[in-house]
Amino acid sequence: MIMKEMKGLVLILIFIFTLTMFSTALGAEKVTWKLAGVHAVTTPETKGLNYFADLVKKKSGGNFVIYVYPAGQLGKDAVTLVENLMMGSIELFGNVMDWNQHLVKDFAILAMPFLFKNLEAVKDFQRGSIYQEMKERMIKERGVRIIADNWYRLPKVLLAKKPIRSLNDLKDVKLRMPSLKTYFETWKALGAKPTVIPWAEAFLALKKGVVDGMDAPLGSIYGMKFYQAAPYIMMTYHLVAPFNILVNENKYQQLPQGYKRILIEAGKEAGDYYSQLVKDMFKKDKEKMLKAGVKFIEIDTGPFIREAAKVAERFEAEGMWRKGLFKKIVESQ
């Protein structure tokens with residue numbers, strides 16, 4: 001009887017020791033962070049961010065908790081949220097990578113419409129030395145680190161209240177655009193009349209007729225309800241910038257090593273989950289939109305690509321990104 005009790009006590013002590021060592025490896029203390037986003041609750045982006053937060057909590061044994069604030073709850077637009085991230089009022093921000101140009105100018109190349117032919121071209125660029133240098137500069141110069149950049153979205157397309165099959169059809173069409181020069185100036189050069197409106201306000205702007213159309217990733221159109229106000233979707237595939245998760249570098253460095261590892265692991269795993277989710281969700285969403293009367297229109301993007309290239313060359317001459325970068329990307333595809 002005594003031997004059984006002693007054996008039981010030894011097992012309990014081993015369990016407590018193992019749990020203590022596990023907690024020590026992770027950092028032991030409780031950490032609570034805020035993760036900001038601009039996308040609606042039902043979109044793949046927000047679902048991916050919630051999945052990421054759940055992974056972090058699970059991997060840390062419930063000690064590292066991340067609260068997700070989607071739909072611009074912590075700032076009306078991406079520019080505001082990037083500024084809040086740099087100041088440290090939020091620890092994490094999930095958004096499209098081209099917005100990183102507010103931190104390091106070379107990221108503006110990822111916001112250049114009709115530049116990258118497909119997702120593989122973007123991945124090739126990410127594997128290169130220039131991209132790695134861009135990430136390092138963002139840490140050193142701006143105090144912001146990318147912890148996950150494998151969140152691959154579906155390409156961006158154009159949606160409008162009427163069919164747009166040519167540059168002539170695009171003339172004087174009022175398009176909602178973010179406050180990014182690459183977007184604004186390119187679509188202006190293509191003949192449209194761009195209007196800067198925050199992403200969270202885009203649906204209302206479409207519905208009220210403030211704008212006639214906009215561009216959006218295929219995977220976001222249903223969740224954001226854009227199709228209800230702009231039922232014509234032109235398959236331009238003009239932009240394939242990945243989604244990424246950014247962290248305030250000072251906050252990151254204050255974490256125990258175990259928590260840093262968890263963030264990186266969870267970010268990558270959530271990226272794989274998200275990349276598959278957008279494909280799966282779009283298949284279902286497309287069927288729903290077709291039943292609602294939405295028209296998906298294939299167009300010849302050749303004239304769009306040629307005109308956009310002229311704008312890109314002007315941007316490079318103006319110093320929007322390093323010299324030679326545009327040509328390097330074009331020739332690598």
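Tabulated values for the structure
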item: Any pair with Cβ under 6 angstrom, 6 or more apart, that starts in region 318-333 at a residue that is not assigned by TED's automatic domain parsing to the domain that holds VAL122 and ends at one that is surrounded by 11 or more Cβ atoms within 10 Å (Cβ to Cβ) and among the β-branched types (Val, Ile, Thr); result: TRP321/ILE109; LEU325/ILE109
item: Lone unmet requirement of (1) modelled with pLDDT under 95; (2) more than 24 Å from TYR252 (Cα to Cα); (3) of a type outside the set (Ser, Thr, Tyr) for LEU115; result: (1)
item: Answer from GLY75, GLY62, GLY88 - the residue that is more than 20 Å from PRO178 (Cβ to Cβ) and without any contact (Cβ under 8 Å) to a residue 40 or more places away in the chain; result: GLY62
item: Matching residues in region 162-174 - criterion: being buried (at least 16 other Cβ atoms within 10 Å of the Cβ) and touching a Leu at 6+ places or on another chain (Cβ under 8 Å); result: ILE164, LEU170
item: Index of the failed condition, THR20 passing every other in (1) at pLDDT below 95; (2) touching a helix residue (DSSP H, G or I) at 6+ places or on another chain (Cβ under 6 Å); result: (2)
item: Yes/no for LYS188 being part of a helix (DSSP H, G or I) and within 26 Å of ILE245 (Cα to Cα); result: no
item: Among (1) within 26 Å of ALA200 (Cβ to Cβ); (2) of a type outside the set (A, V, I, L, M); (3) without any contact (Cβ under 8 Å) to a residue 40 or more places away in the chain - the single one GLU136 does not satisfy; result: (1)
item: Number of the exception - LYS284 against (1) within 30 Å of LYS162 (Cβ to Cβ); (2) of a type in the set (Lys, Arg); (3) touching a residue at least 40 places away in the same chain (Cβ under 8 Å); result: (3)
item: Matching residues in region 108-133 - criterion: being free of Cβ contacts under 8 Å to residues at least 40 places away in the same chain and under 20 Å from ARG145 (Cα atoms); result: LYS123, ARG127, GLY128, SER129, TYR131, GLN132, GLU133
item: Single residue of ILE146, ILE139, ILE164 found to be in contact with a helix residue (DSSP H, G or I) (Cβ under 7 Å, 6 or more places away or on another chain) and assigned to a helix (DSSP H, G or I); result: ILE139
item: Residue match in region 41-49 (condition: within 30 Å of SER179 (Cα to Cα), modelled with pLDDT of 95 or more, among the polar types (S, T, N, Q) and not assigned by TED's automatic domain parsing to the domain that holds PHE203); result: yes
item: Residue match in region 254-263 (condition: in a helix (DSSP H, G or I), aromatic (Phe, Trp, Tyr) and under 21 Å from the mean Cα position of the chain (by Cα)); result: no
item: Meets criteria (part of a strand (DSSP E or B) and more than 28 Å from LYS283 (Cβ to Cβ)) for ILE245; result: no
item: Test for ALA266: is it assigned by TED's automatic domain parsing to the domain that holds LEU167, more than 15 Å from VAL157 (Cα to Cα), under 17 Å from the mean Cα position of the chain (by Cα) and not charged (D, E, K, R); result: no
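The values are calculated or read from the model by the stated rules, or taken from the named source; none is laboratory data. All of these numbers come straight from a predicted model, not from anything done at the bench. As a convention, Cβ positions derive from the backbone with ideal geometry for all residues, glycine included, and neighbour counts pool all protein chains shown.
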